[in-house]
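What follows is a single structure, written as structure tokens, with notes after it.
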Amino acid sequence: MLSVSLIAASIASGLVPAEAAPAGKPAAMAKSGQLHGVFCTTAANCWAVGGADAKGALLNLVLHWTGKKWIKITVPSPGGTAPGERSELTAVRCTAARDCWAVGDSQGSRHVDRNQALHWNGKGWLVVPTPSPGAAFNALADVACTSGSSCWAVGVDGPVVPAIAVPGDAESDNGKFFELNEVLHWNGRKWAKVAVPSPAGTKPSQINELFGLSCTSSTNCWAAGSYGSFNSGGRFRNEVLRWNGRKWFKVSVINPDGTDPGANNALAGINCSSPTDCWAVGNSGGESAKPTINQALHWNGMHWSRVSTPNPGGMNSGDTNSLASVRCTAAANCLAVGVEETGNGPEFGQILHWTGRRWLADF
């Protein structure tokens, strides 16, 4: 997930369309929390979402850009406000200035993570009921809409709460839990669960996770993440699913770190500017004394291929390069953001720029 400073950097550098990029930075409004998602409808109307600490509780955090400054907006936190209770938003998307969705997860006193969705109607943010299929763990990671009556949200659900829910890094809890891909659809009246494949399977220690989502039309959506197992030393592969207007299905995709035991491949963000032009980003490697390196995959309408990227965090053992999100304003203008860390040094934000010919390190 993106830190406050990285979100601020991504906004200032044009991760959102240049005509909608605010000049200010939201960090000052959320020093005690983190921002994970941002979206602009115009240069004077942007939303940033995340979570903020409040006396032992984690509450939903929503900031609004008015064209002149960032303002913290009061929003509900369905997980509660008592110490130990939590609500956190991970993504926000709008179809119009008065029609926005923010998604994430919440956990109340019963320690069950549930999906959450908030809707902006132009006057306030309201909680909208969402299914939570997992008995103990549900989390929405991204949301995309093609109209006011058709939105998708993706994430994970499972029977036992994992200790850490990030690609390829969840703890197995002695093999007692598994995670399933989760997809919800908004039809203009309610959110409902939609059937989706979980290619790793549904046995203990098998992990399926969706983190990124992008739609170009009601019959063309893409979701990206990872799947694998902790058994036999662990093995995680890139995951890409596609919606064709009738069903979600798995699409073949390259795995830069291979598929042998111990391999680690994970996609975290995806963006499509047209049915024949998509980017998916994440990381690979990091095991067996190898560095964790950026990965960027491109869809040309027929197949996914790997495109070389810089790794500003270094290429030595223990170095980390990881991309979390990508956005394009044109086929020759994309930005991917993430984190970099050299050895055990401090973690910094990184921004890569696609020029139409190659990826360059911009930050």
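The values are calculated or read from the model by the stated rules, or taken from the named source; none is laboratory data. These figures come from a predicted structure and were not determined experimentally. Neighbour counts run over all protein chains shown; Cβ positions are idealised from the backbone, glycine included. All accessible areas refer to the heavy atoms of the entire protein, side chains included, with ligands and DNA or RNA removed. Shrake-Rupley method; radii C 1.70, N 1.55, O 1.52, S 1.80 Å.
Numbers for the structure displayed
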read-out: nm² value of the averaged projected area, convex hull over the Cα atoms of the chain; value: 16.4 nm²
read-out: Gaussian network model of the chain, Cα within-10 Å springs - most flexible of Asn231, Asn255, Asn138; value: Asn231
read-out: Relative contact order of region 198-291, pairs being alpha-carbon contacts under 8 Å that are 6 or more residues apart, as %; value: 24 percent
read-out: Amide H contacts under 5 Å for Gln295, placed H, 5+ residues apart; value: Gly282, Asn283, Ser284, Leu323
read-out: Part-to-part distance (alpha-carbon centres) for region 183-221 and region 114-164, which is given in Å; value: 11 Å
read-out: Probe 1.4 Å, protein heavy atoms only - accessible area per residue of region 26-109 in square angstrom; value: 40 Å²
read-out: Cα gyration tensor shape of region 226-331, rounded if a/c is under 1.5, else prolate or oblate by comparing a/b with b/c; value: oblate
read-out: Centroid-to-centroid separation of region 228-265 and region 288-325 [C-alpha atoms, Å]; value: 15 Å
read-out: Cα-Cα over 29 Å, subset of Lys203/Lys250; Lys69/Lys123; Lys123/Lys247; value: Lys123/Lys247
read-out: Virtual spin-label span in nm between Ser305 and Val128, 7 Å along Cα→Cβ; value: 3.9 nm
read-out: Accessible surface of the chain [probe 1.4 Å, protein heavy atoms]: carbon and sulfur percent; value: 52 percent
read-out: Theoretical ellipticity at 222 nm over the chain - DSSP helices of four or more residues, -39500 (n - 2.57) apiece, nearest 500; value: -500 deg cm²/dmol
